[in-house]
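All remarks here apply to the structure that follows.
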Amino acid sequence: MNIRTSLSERVQSAMLAAGIPEGYNPHVTPSKKPGFGDYQANGAMGAAKAMKRNPREIAQSIVDNLQLEGIASKIEIAGPGFINIHLDQQWLAQQLQSASQDERLGIEKKSAPLTVVADYSSPNLAKEMHIGHIRSTCIGDAIVRILEFTGDTLIRQNHVGDWGTQFGMLIAELEEHMQDGEHAEFALKDLETFYKQSKKHFDEDEDFKKRARDYVVKLQSGDADVLALWEKFKNVSLSHNQDIYQKLNVSLTAEDACGESFYNDDLAVLVKELKDKGLSVESDGAQVVFLQELADKNGDPSPVIVQKADGGYLYATTDLAAMRYRCHTLKADRLMYFIDDRQSLHMKQVFLTAQKANFVPPHVLLEHHPFGKILGQDGKPYKTREGNAVKLSDVINEAIERASEIVRKRERKEGDELSEDQIISIGEKVGIGAIKYADLSKTRTNDYIFDWDAMLSFEGNTGPYLQYAYTRVASIFRNAGESLDTFTGEIVVEEEKEKELAIKLLQFAEIIEQVSEDAFPHVLCTYLYDLASLFMSFYEACPILKADSAELRASRLQISKAVAKTMTLGLDLLGIDVMEKM
Ligand code: ARG
């Protein structure tokens, strides 16, 4: 059930019945201020303007035709032609009753689901993942989970950087280690050190440099021995990443890794096609697509190099091949890319080139969902004290340690103490939840400051606060001697706080719809935060276990259960776990 959709449909019919031509949006939204009803329909103004009629009169004729019996308790016209709708409490109670008894909380699957290919995480394999990778990994994973929930078919693509000249250097290094009798897995245990070693070697040792270059050539020409070393490197690196995904509760699996090298054989074919279509032309020996559509302020077209003068292919060439594969082989209807905002021009270039070359069918949606940087307290990109990138594995470990410490120190009632095992397991969920939530709850297009104390706080818009809202309900049920899973009570909506909470709960469907369209996870975070806050004030205002009657107690328990279920599902869609005790 989606309140906004139900109301929109009804206002839309009323507009037609009132003689307003088709095509005007009823503009139904939740009211922002108390006293203006629960929802507003603001479409009368737009229609009146276009029809050159008095907006209040138009609003009146819409209201005269509006069929909301049993749904609204009052409809009024305000200001220049706003229609304020007050929802009926009994109707709300019924809606919430059925939503709260449904696994999907009353949210139907899409009638026309899509096949969505989501490109996210996608680190380069030469190094270990660093803190910045949290963004694409967690934002992408949240959106994928949400779309899957709405009924879409999701194909995850981890477009890892597993190709390029740096692999020659890494292979040369690996070969040296193995000649000394070392196992590849051992040599690559610390990828970061390994990378630095080989870079140092490369910069200081001319022989090594030459060997590295030879390896690049051999790798590109498909030399079996060199390929085998490269495979080794790739596997170790991928399994490092897989470890991180598992700790972060990210749904990417090894099968989702489809790196740049996958497209190697298609690149020559693709460039030839671009040439044949007259899209790519020679410029200083290179093959370049010039895009007038993306011209700079001097009117010069934007150049996309698809093949270098030395014959090598580029990042853009691979992305074009990947787009074609995703549309034609994977049959995508929607391509989503979760990549930072520094690659916005690159994405525009490949989208446009692919469309012009007919690599993607016209119906396919092409979407880049960019995000900003993670900054330190000083407002500069987050780095270690020595100025290095912070390893993601270190961030994860520190989050778990800090969270466990906080859980360990919390005051507890007698008899409610936690064992050390429980503390660690709660620490994991709280720590991981905190870093993910800190990232997801910020408007993704902005930069944000990484702040341990803020993200681990039990107050405010944080992961721990939301997890705590769930445990609060769990503990109410424990005290009531009822089971959260199997309890059912009949909901009545009487108090103002009950009504506000009921409406908020029923708006979950609208939020899911919005996030599945715009891919801004913070919208879901803000919703869950508002829900948790409303629950806390409901809990203050409306006694649950000490309610005046058994009916009221049952109703309020059922409302609380709806809160717990919404919180669990909402956090799960963000890839965050809840727990019974904290
Ligand atoms: N590996 C790239 C990087 O680290 C990101 C790849 C994103 N996906 C893509 N299809 N271009 O910058």
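Results, tabulated for the structure shown:
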{"item": "Verdict on Glu540 being acidic (Asp, Glu), touching a residue at least 24 places away in the same chain (Cβ under 8 Å), open to solvent by 40 Å² or more (accessible area, probe 1.4 Å) and at negative phi", "result": "no"}
{"item": "Filter result (in contact (Cβ under 8 Å) with a residue 12 or more places away in the chain and either of a type in the set (Phe, Trp, Tyr) or not in a helix (DSSP H, G or I) (or both)) within segment 382-418", "result": "Tyr382, Ala389, Val390, Lys391, Arg410, Asp416, Leu418"}
{"item": "Check on Leu248, touching a strand residue (DSSP E or B) at 6+ places or on another chain (Cβ under 8 Å) and in contact (Cβ under 8 Å) with a residue 60 or more places away in the chain", "result": "no"}
{"item": "For Lys391: the one exception among (1) of a type in the set (Lys, Arg); (2) touching a His at 6+ places or on another chain (Cβ under 7 Å); (3) more than 30 Å from Asp340 (Cβ to Cβ)", "result": "(3)"}
{"item": "Selection status of Gly81, among the small types (Gly, Ala, Ser), farther than 24 Å from Phe338 by Cβ and in contact with a Lys or Arg (Cβ under 9 Å, 6 or more places away or on another chain)", "result": "yes"}
{"item": "Single condition Gln343 does not satisfy, out of (1) open to solvent by less than 60 Å² (accessible area, probe 1.4 Å); (2) away from the ligand (no atom under 12 Å from the Cβ); (3) free of Cβ contacts under 8 Å to residues at least 60 places away in the same chain", "result": "(2)"}
{"item": "Residues of segment 189-203 satisfying the condition of being at pLDDT 85 or above and crowded, with 18+ Cβ neighbours inside 10 Å", "result": "Phe194, Tyr195, Ser198, His201, Phe202"}
{"item": "Residue pairs meeting the criteria (Cβ under 8 Å; at least 6 apart or on separate chains; first of a type in the set (A, V, I, L, M), in segment 442-467; second in a loop (DSSP other than H, G, I, E, B))", "result": "Ile449/Gly376; Ile449/Gln377; Ile449/Gly379; Ala454/Gly460; Ala454/Thr462; Met455/Thr462; Leu456/Thr462; Leu466/Ile576"}
{"item": "Cross-chain or 6+ apart pairs with Cβ under 6 Å, segment 313-326 first and within 11 Å of the ligand (Cβ to nearest atom), then in a helix (DSSP H, G or I) and acidic (Asp, Glu)", "result": "Thr318/Glu260; Ala321/Asp266"}
{"item": "Failed item in (1) open to solvent by 40 Å² or more (accessible area, probe 1.4 Å); (2) under 24 Å from Glu517 (Cβ atoms); (3) of a type in the set (Gly, Ala, Ser), with Ala332 passing the rest", "result": "(1)"}
{"item": "Evaluation of Thr115 against (1) touching an Asp or Glu at 6+ places or on another chain (Cβ under 7 Å); (2) open to solvent by less than 20 Å² (accessible area, probe 1.4 Å); (3) away from the ligand (no atom under 16 Å from the Cβ) (one fails), failing number", "result": "(2)"}
{"item": "Hey, Ile432 open to solvent by 60 Å² or more (accessible area, probe 1.4 Å) and in a helix (DSSP H, G or I) or not", "result": "no"}
{"item": "Test: residue in segment 148-159 that is under 30 Å from Leu484 (Cβ atoms), in contact with a helix residue (DSSP H, G or I) (Cβ under 7 Å, 6 or more places away or on another chain) and not aliphatic (A, V, I, L, M)", "result": "yes"}
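The values are calculated or read from the model by the stated rules, or taken from the named source; none is laboratory data. For clarity, every value in this text was computed on a predicted model and none was experimentally measured. Note that each Cβ is placed from the backbone with ideal geometry, even for glycine, and that neighbours are counted across all protein chains shown. We work out accessible area using only protein heavy atoms, side chains counted, and drop any ligands, DNA or RNA first. Shrake-Rupley method; radii C 1.70, N 1.55, O 1.52, S 1.80 Å.
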